[in-house]
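Shown next, in structure tokens, is the structure this report addresses.
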Amino acid sequence: MVAIAVALVLAGGAVGEGIKSSKRSGDTIVVAGSARRAVEADQANWEVSATSRQPTPEAATRELKTWFDRIDAFLKDGGVATDEVTRTPVSLERLAKDDGKGGETFLGYAAHRTLRVESKDLDAVDDLATASESLILEGIPIETSSPEFVYTKLAGNRPAMVAEAGEDAKRRAERLVKVGGGHLGKVRRVTVGDFQVTSRAGTDFESGGSFDRSSRHKDIVVAVHLTFELK
């Protein structure tokens, strides 16, 4: 928004110069407009992983399967559908450490797997993430983090929001030119900025666009710069 304010100040100067120059051919004004929409996340993503370390690949894989059978039951009890869950293949790693004598000491094998939930039921996923400590208390050494809350319908908002931001830029330009007694001509150039999806009322904009994943309630923001001829 600071960038927009600066653009408007510069644009105001351009108007003044355009009017003072008796409407020289080629005079232009560049004005920024913006659009903001409040939206709510419509999908929650959550990952759970676990690693079993045992003397043999078979033992590590067997223990890991037992753990994930329990995790599957935990998700089902929490209302997560089977088609909302994906799993990575089991990965195996041979474990060893340097024995300090140019050799190594064999430690066993590690079997690892990650499970990912993608659900439209945000409350269910949030509740599961909170309750997942029960799995740890059962002796399952899971690794997890807070759920991600994402908005999946950004593309459907783009055309209308660009139009809204363009109309905002036009209104700003008309007010600025009116101060100097001039008139807007045709549009020479349109520049659309990156779409920003932030937390509600957030200003954490990034070059290339931002995409907030931590909050349920979000804003979509876009800025448009219009270059007008002056008449």
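In sequence order, region 114-122 has phi-based couplings of 10, 10, 10, 9, 10, 9, 7, 8, 5 Hz under the Karplus curve 6.51 cos²θ - 1.76 cosθ + 1.60, θ = phi - 60°, and Gly or Pro positions carry x. Relative to the dominant Cα principal axis of the chain, helix 2-20 is inclined by about 20°.
Here the 3J(HN,Hα) profile of region 202-209, calculated from phi with Karplus coefficients 6.51, -1.76 and 1.60 at θ = phi - 60°, is x, 10, 7, 7, 9, 5, x, x Hz, Gly and Pro shown as x. Averaging the sequence gap over all C-alpha pairs within less than 8 Å and six or more residues apart, then dividing by the number of residues, gives the chain a relative contact order of 32 percent.
Roughly how many Å is it from the Cα centre of region 153-171 to that of region 81-107, as a whole number? After rounding, the separation between the Cα centres reads 50 Å. If Lys and Arg each add +1 and Asp and Glu each add -1, what is the summed charge of the other residues whose beta carbon sits under 13 Å from the beta carbon of E63? After counting each charged neighbour, the total is +3. About the centre of its Cα atoms, the chain shows a dipole size close to 1820 debye [charges on the beta carbon of Lys, Arg (+1) and Asp, Glu (-1) only; nearest 20 debye].
A dipole drawn for the chain from +1 and -1 charges on Cβ atoms has a positive end, and of I136, G208, G103 the residue lying farthest that way is G208. Summary value for region 43-149: 46 percent relative contact order, contacts being C-alpha pairs under 8 angstrom separated by 6+ residues. Note on the chain: Rg/Rh from Cα positions, Kirkwood definition for Rh, rounded to two decimals, is 1.27.
Each reported figure results from applying straightforward, stated rules to the coordinates on display, with no laboratory input. What you are looking at is a predicted structure, and each value in this text was computed from that prediction instead of being measured. As a convention, Cβ positions derive from the backbone with ideal geometry for all residues, glycine included, and neighbour counts pool all protein chains shown.
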